[in-house]
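What follows is one structure encoded as structure tokens, with my remarks underneath.
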């Protein structure tokens, strides 16, 4: 197994060589992982969610879309714990 490269390799080849073994570099696919978001308030555990694959990539908008409602619901259910 070839170690993961952190730089680009440029190969010059003539037409018809693009699939020759000497012109190819094996790549190790990145492992897909899961994202868990959790919170604490003092000594109290707050809400937690797993980022679902069908939610897509994490952007500022999608992060707010899925985490803010969870936080807001937890705050409404625990009014004595929330300091404003």
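The values are calculated or read from the model by the stated rules, or taken from the named source; none is laboratory data. Predicted model only: the values in this text are computed from it and were never measured. Neighbour counts run over all protein chains shown; Cβ positions are idealised from the backbone, glycine included.
Within region 31-57, the set of residues being in contact with a helix residue (DSSP H, G or I) (Cβ under 8 Å, 6 or more places away or on another chain) and touching a residue at least 40 places away in the same chain (Cβ under 8 Å) is empty. With respect to residue 14, is the statement that it is in a loop (DSSP other than H, G, I, E, B), under 22 Å from residue 72 (Cβ atoms) and at pLDDT 75 or above true? The answer is no for residue 14.
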